[in-house]
Amino acid sequence: MLTLEKNARIVFAGDSITDAGRDRTAEPGGWGFGTGYVNQIHCLLSAIYPDYELVTINSGVSGDDIVMMAERWQRDVLDLEPDYVSVLIGVNDVWRHFDQPFWKPKRHGIDVYEQVYEDLIERTLPHVKGMIIVGPFMYEANQQEPMRAMVSRFAECARRLAERHGLPYVDVQSAIDRYLTRQHTCIVSQDRVHPYERGAVLITREWLRAVGFDWEREAIDD
């Protein structure tokens with residue numbers, strides 16, 4: 001059974017995987033959801049649960065790490081008065097350690113990630129009905145590859161935080177790992193981080209599972 005209450009407002013926060021080219025001029029919850037998993041979730045919830053009249057808002061910002069996201073949390077999340085907040089953040093916290101070796105931007109480790117994430121959860125929970133924590137991931141099958149290994153450590157941190165606060169945790173990496181036993185990463189992502197639309201489906205399916213989405217639902221107003 002769907003764990004989201006009827007007429008609820010769901011705000012999705014995160015980086016470019018959440019942003020996915022959303023229209024920043026759009027009325028929040030009205031249109032412009034981007035081409036990624038947020039749009040897919042919006043379409044499926046709207047089509048299969050029309051009686052719930054759920055409002056979907058995409059607040060993802062391309063390039064964000066957890067520190068950058070936290071700086072705008074009040075404006076981008078809390079000011080939108082959400083009932084539920086879904087968070088997918090962490091891959092940029094890792095990526096900056098690998099993709100700019102000849103320039104030294106501000107970098108932080110998993111300790112900062114955990115502290116800031118904990119603060120955001122504690123700051124948000126008194127104002128919402130629930131939060132959904134989505135673990136960061138890569139479309140990379142080799143678990144010993146250095147960036148993938150670090151992403152996995154950040155994902156385990158996100159899982160611990162979810163468990164600590166009794167929140168649903170969406171394990172996208174496990175779904176990706178299963179997929180990559182049969183197909184190459186280039187089918188779902190160009191750079192192992194940003195998904196094509198079919199790569200976003202893996203995120204969407206796991207997120208919907210976490211909130212009790214019924215793929216076979218036929219009755220309305222049940």
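Net length available on complete extension from residue 1 to residue 221 is 78.0 nm, with 0.36 nm assigned per residue and the Cα-Cα distance removed. Of 138, 150, 68, the residue with the greatest mean-square motion in the GNM of the chain, using alpha carbon springs below 10 Å, is 68.
If you run the Gaussian network model on the chain, springs between alpha carbon atoms under 10 Å, then out of 159, 75, 205 the most flexible one is 75. The relative contact order of the chain, computed from alpha carbon pairs under 8 Å that lie at least 6 residues apart in sequence, is 24 percent. Binning all Cα-Cα separations of the stretch 1-90 at 10 Å, short to long from zero, yields these whole-percent fractions: 18, 53, 26, 3.
Comparing 92, 39, 142 in a Gaussian network model of the chain, where Cα atoms under 10 Å apart are tied by springs, the biggest mean-square fluctuation is seen for 142. Annotation for residue 181 and residue 125: the two label points, set 7 Å from Cα along the Cα-Cβ direction, are 3.5 nm apart.
Read-outs: derived from the displayed coordinates by stated rules, not from any lab. This is a predicted model, so every value here is computed, not measured. Glycine gets a Cβ as well: all are built from the backbone with ideal geometry, and neighbour counts include every protein chain shown.
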